[in-house]
Each structure stands twice: as structure tokens, then as C-alpha cells.
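Single-structure report; data block below.
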Amino acid sequence: MDLKAYIRDVPDFPKKGILFKDITPLLKDPKAFSFVIENFAKHYESYRLDAVVAIESRGFILGGALAKELNLSFVPVRKPGKLPWKAIQQSYDLEYGTDKLEIHEDSFSKNAKVLILDDVLATGGTAAATVQLVEKAGGQVAEAAFLIDLTFLNGRQKLKNTPVYSIIQY
Ligand code: AMP
């Protein structure tokens, strides 16, 4: 299946100079959406995972579907102030300034084997901060998975020891 036909390039969104990869055409098409979830499920069925950790907000769409498909826990990582319970926080650097992400402190059972999932790997800052959050919360990161890897931004480098899997590469 030619998945790139379902990814829409939107120039200068959300700000000038960014070529946004819009996945809503793919989500709108049940065959394409199923193809993606089945691809992830096939790749991870033998990993003996305990949880899928997904990153706000497009990661939730893929992560919820995959967690259900593989019968795993679903754990959300969110921007500060969104999670209602006791949360652990991690700061990370952006091009200009810093941002923060949070995870509930009781997200995992001891040494839970975790998959991190998001729609796009760009510079890798978001995913690298999520690796740190999972480890602080007592989980072990098995791999980080993305629908799209913008390989020219070298996000994999920032993920150091975390193996990366992606379905579409640009
Ligand atoms: P980064 O931390 O640079 O790897 O950015 C990753 C996060 O930003 C992911 O949650 C993506 O959804 C979003 N993102 C970054 N760049 C893009 C892009 N070109 N198109 C769509 N989403 C993007």
C-alpha cells in the first residue's frame, strides 16, 4: 500500500518554514488506518510488551488502536497541567527555549517493557524526553516507533540507545 499517498504536506504550519505532515487523510481512510495498525502489531507481537506509551496528541490515536490490537496497557504522555494525578515531569530543549512533558507516576508495574509511539519523529527531542520519563517512572523502553521518520532531521541520533522503528521515511 502506498501510504505516502495518504500523507498531506502542509507548508508553513503551525509556523513559517515547517512542512507539516498531516496524517488526517490516512486516519480518514479505514483501509490505510488498519494497514498501519496491523503493520505495527505484526512488528511488535513477539516483543512481549506490557505497555504502549503514546505522546499527545496524535500519538494517542495510533497508540490507543495498537494497545487494543495487542492487548496492552495504554499510557498517555501529556503537556504539563493536563494529567489529573501525581505526575513526573521532564524538560527538553526546543529550537528556541524549552518545553515539558508529564507522565503519571503510577503508570507501570515494576520493570514493565514499554513501546513509545508517536506519529512523527522530527528532531527527536520529544521522544528522547519520553524515554527519560518512562525510565523515571520505572519502565524499560524496548523501542520507539513512529508512523513517519523525517530522517533528514536525524532524530534517531538523539534517541541514542533506543532502537527506532518507522513505517514511512522521508
Ligand atoms: P521532535 O521533538 O522535533 O521530534 O518533534 C516531534 C513532535 O512534533 C511529534 O509529536 C510530532 O507530532 C510533531 N512534529 C514535528 N515536526 C512535524 C512535522 N513536520 N509534521 C508533523 N508533526 C511534526
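The values are calculated or read from the model by the stated rules, or taken from the named source; none is laboratory data. Just so you know, these numbers come straight off a predicted model, no measurement behind them. As a convention, Cβ positions derive from the backbone with ideal geometry for all residues, glycine included, and neighbour counts pool all protein chains shown.
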> How many of the residues in region 115-141 are more than 9 Å from the ligand (Cβ to nearest atom) and crowded, with 20+ Cβ neighbours inside 10 Å?
Replying inline: 10
> Out of GLY17, GLY63, GLY59, which single residue is touching a residue at least 60 places away in the same chain (Cβ under 8 Å) and small (Gly, Ala, Ser)?
Replying inline: GLY59
> Of the residues that sit in region 47-62 and are more than 8 Å from the chain's Cα centre (by Cα) and small (Gly, Ala, Ser), which one is farthest from the ligand (Cβ to nearest atom)?
Replying inline: ALA51
>> Looking only at region 143-159, filter to residues that are within 15 Å of the chain's Cα centre (by Cα) and near the ligand (Cβ under 9 Å from one of its atoms); which one of those is nearest to GLY63 (Cα to Cα)?
In response: PHE146
>> Taking the criterion of being within 15 Å of the ligand (Cβ to nearest atom), crowded, with 16+ Cβ neighbours inside 10 Å and among the hydrophobic types (A, V, I, L, M, F, W, C), would at least one residue in region 80-98 satisfy it?
In response: no
> What tally of residues in region 99-114 results from selecting those that are more than 17 Å from the chain's Cα centre (by Cα), touching a residue at least 40 places away in the same chain (Cβ under 8 Å) and surrounded by fewer than 18 Cβ atoms within 10 Å (Cβ to Cβ)?
Replying inline: 1
> What about GLU102, is it modelled with pLDDT of 95 or more, more than 10 Å from the ligand (Cβ to nearest atom) and within 25 Å of ILE18 (Cβ to Cβ)?
Replying inline: yes
> Name the strands (runs of 3 or more DSSP E) wholly within region 51-170 that hold at least 1 residues that are among the aromatic types (Phe, Trp, Tyr)?
Replying inline: 73-77, 87-93, 140-149, 164-169
